[in-house]
1. Can you give me the number of residues within segment 29-66 that are assigned to a loop (DSSP other than H, G, I, E, B) and within 24 Å of residue 19 (Cβ to Cβ)?
2. Any idea which of (1) touching a helix residue (DSSP H, G or I) at 6+ places or on another chain (Cβ under 9 Å); (2) acidic (Asp, Glu); (3) surrounded by 11 or more Cβ atoms within 10 Å (Cβ to Cβ) is the one residue 46 doesn't satisfy?
3. Among the residues of segment 19-39, count how many are at pLDDT 90 or above, open to solvent by less than 60 Å² (accessible area, probe 1.4 Å) and of a type outside the set (A, V, I, L, M).
4. Where the second residue is open to solvent by less than 60 Å² (accessible area, probe 1.4 Å) and assigned to a helix (DSSP H, G or I) and the first is closer than 20 Å to residue 79 by Cβ and lies in segment 15-27, which pairs have Cβ atoms under 7 Å and are six or more apart or on separate chains?
5. Identify the residue in segment 57-91 that is open to solvent by 60 Å² or more (accessible area, probe 1.4 Å), in contact with a His (Cβ under 9 Å, 6 or more places away or on another chain) and not polar (S, T, N, Q) and, among all such residues, is modelled with the highest pLDDT.
Amino acid sequence: MTASPLVPVPIPDRVAAMIGACMPIHVLQAEVDAECAAREVHRLRDPLSGESRAAREHALSALASANKVLAAYNPGLTVRPRRSGGAPYGV
């Protein structure tokens, strides 16, 4: 039986380290940047003031930039902002 693609399955830290060791550093950095930007976009989703709107646009820009690097390496690695109560990042 296979796991549903919508159910996140945790992987041990040692396995994640082995996977990361096979990937280029700039891709790993883009993955971290995309996750941080997606969290920031989600955090700033409520009605926004001018400054918050600018911060959200900056986070969306950072997410798009990181996703460009991730998609060039493997399109399955791209990250989308999570919807409230929805699926986890990247799903």
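The values are calculated or read from the model by the stated rules, or taken from the named source; none is laboratory data. Just so you know, these numbers come straight off a predicted model, no measurement behind them. Here the Cβ is made from the backbone with ideal geometry for all residues, glycine too, and neighbour counts use every protein chain on show. Areas reflect the complete protein model, heavy atoms only, side chains present, ligands, DNA and RNA absent. Shrake-Rupley method; radii C 1.70, N 1.55, O 1.52, S 1.80 Å.
1. Qualifying residue count for the region: 0.
2. Unmet condition: (3).
3. Residues that pass the stated criteria total 2.
4. Hits for this filter: 20/28; 26/69; 27/69; 27/70.
5. This residue is 73.
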